[in-house]
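Novice: Pasting a structure here, questions to come.
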């Protein structure tokens, strides 16, 4: 087989002789075979490999188990890994259902060695080729954004000539910049193979323009213009990938209502406090906002509850208002700074707790400036007795690695809010994995993109992820329950 260095193949089959035969067929220095006789063994091994791998070969008929359900569970863990069904069942409906559930292809038992090797090689080559094509699309768009944006705007003027009167001078430059952002998010999402990230960006764009003249239909036209301009510039396979992302975004755009979105939930345990706190922020009443929080803590509300039920939803709502052009960037920064100041005032109450002997290092990756979320996780772990080291934003990778080697924490927490900084997350994780002294560190990731694409943390190679501060703390606590001193 060609180009299969560091390949991981999982084999799931009830019959031992089949597993042994496949093991002998594929086993080389370049291929790692992981076999399982049932789904429990399989998912245990799959999770130990962080739900990564190059190929799964499995029977659809498992003892006492629904093979289709196993396929669905695999797809929930890893939507991209190829799955070959190896089965003696020649029922066409069964085979079609397996493909529908997420299988890549099938081979009937009894099988010929040469056939299964050729099929495996073909699928692996196709899988690797898809990754390479995504990277080609990324490189082409990111290298030609300015020229492409001008062509796209010209094409949109052709379809919507009335826009020429609206987009002149500064407005022309602004819209050209907006199209460049569309292209940037598109190529970053394609590079990460994440439809969810591009869909979310387009919905964000819709929310930010819903009170302006341009709406969903205007964005759809623009996205279709992107398809028009890229079509003659890309190979057929590259065009298929671009169209898949843009068509999914268009469908999601027209079917999703973003106008009523809010993060201040009436079911929130501290709903009234959260509403009052948000109102004070919007009125620029920093001192009153601080007094409100301090008074509630004096009344006995746990600091964790303040973080989870007041700070977190309020800051998300502030971001939501900015997206909708209800507040300015300067105002959003003021509200964030006010919350950080109050968090600093609460810190003296946190460090009074007993220590549990565990260490947590938290950092925003290089070029990332949104740090409140990871700071909240750090403070809440302090409440739980962890020794934490919050390094803030923009820490150079080399200095971070030196700090980790010196402190040897149990967990490294990495935060990224912007899609453009995800590559920095991946690079840090790869660097840590390659250092023997840091091999036991668990890596936790979090931030907005990870909440949009629930599989993204696995693509990054992380060990832990949770969608918010309280779930993150609970996850970390459970992971190290047996290590608490």
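Novice: How many residues are in a helix (DSSP H, G or I), out of contact with any strand residue (DSSP E or B) (no Cβ under 7 Å at 6 or more places or on another chain) and under 18 Å from residue 47 (Cβ atoms) when one looks only at the range 457-470?
Specialist: Looking only at that region, the number is 2.
Novice: Here is a follow-up. Could you say which residue among 230, 183, 223, 203 is part of a helix (DSSP H, G or I), over 25 Å from the mean Cα position of the chain (by Cα), at pLDDT 85 or above and under 25 Å from residue 422 (Cβ atoms)?
Specialist: Among 230, 183, 223, 203, only 230 is part of a helix (DSSP H, G or I), over 25 Å from the mean Cα position of the chain (by Cα), at pLDDT 85 or above and under 25 Å from residue 422 (Cβ atoms).
Novice: Scanning for something in contact with a helix residue (DSSP H, G or I) (Cβ under 7 Å, 6 or more places away or on another chain) and part of a loop (DSSP other than H, G, I, E, B), does the range 328-347 turn up at least one residue?
Specialist: no
Novice: Moving on to the next point. Return yes when residue 97 is surrounded by fewer than 17 Cβ atoms within 10 Å (Cβ to Cβ) and assigned to a helix (DSSP H, G or I) and no when it is not.
Specialist: On the way: surrounded by fewer than 17 Cβ atoms within 10 Å (Cβ to Cβ): yes; assigned to a helix (DSSP H, G or I): yes.
Yes.
Novice: When residues of the range 77-94 are filtered for being part of a helix (DSSP H, G or I) and surrounded by 13 or more Cβ atoms within 10 Å (Cβ to Cβ), how many remain?
Specialist: Number of matching residues: 2.
Novice: Has the range 146-159 got at least one residue that is farther than 30 Å from residue 77 by Cβ, surrounded by fewer than 18 Cβ atoms within 10 Å (Cβ to Cβ) and within 30 Å of the chain's Cα centre (by Cα)?
Specialist: Yes, the range 146-159 has at least one match.
One line per residue, one yes/no per condition, for (1) in contact with a helix residue (DSSP H, G or I) (Cβ under 7 Å, 6 or more places away or on another chain); (2) at pLDDT 90 or above; (3) part of a helix (DSSP H, G or I):
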{"position": "129", "(1), (2), (3)": "no, no, yes"}
{"position": "137", "(1), (2), (3)": "yes, yes, yes"}
{"position": "152", "(1), (2), (3)": "yes, yes, yes"}
{"position": "157", "(1), (2), (3)": "yes, yes, yes"}
{"position": "161", "(1), (2), (3)": "no, no, no"}
{"position": "171", "(1), (2), (3)": "no, no, yes"}
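Novice: When residues of the range 460-474 are filtered for being more than 19 Å from residue 52 (Cα to Cα), touching a residue at least 24 places away in the same chain (Cβ under 8 Å) and surrounded by fewer than 21 Cβ atoms within 10 Å (Cβ to Cβ), how many remain? Show your work before the answer.
Specialist: Step one: filter the range 460-474 for residues more than 19 Å from residue 52 (Cα to Cα), giving 467-474.
From what's left, touching a residue at least 24 places away in the same chain (Cβ under 8 Å): 468-470, 472-473.
Right, trim to surrounded by fewer than 21 Cβ atoms within 10 Å (Cβ to Cβ) and you get 468, 470.
The total comes to 2.
Novice: Being more than 20 Å from residue 473 (Cβ to Cβ) and surrounded by 16 or more Cβ atoms within 10 Å (Cβ to Cβ) is the filter here, so list the residues in the range 297-333 that pass it.
Specialist: Matches in the range 297-333: 317, 318, 319, 320, 321, 322, 323, 324, 327, 331, 332.
Novice: Regarding the range 394-406, can at least one residue be identified that is surrounded by 21 or more Cβ atoms within 10 Å (Cβ to Cβ) and within 30 Å of residue 201 (Cα to Cα)?
Specialist: So far as the range 394-406 goes, no, none of its residues is surrounded by 21 or more Cβ atoms within 10 Å (Cβ to Cβ) and within 30 Å of residue 201 (Cα to Cα).
The values are calculated or read from the model by the stated rules, or taken from the named source; none is laboratory data. Every value quoted in this text rests on a predicted model; they were computed, and no experiment measured them. Using ideal geometry, Cβ is built from the backbone for each residue, glycine included, and neighbour counts are taken over all protein chains shown.
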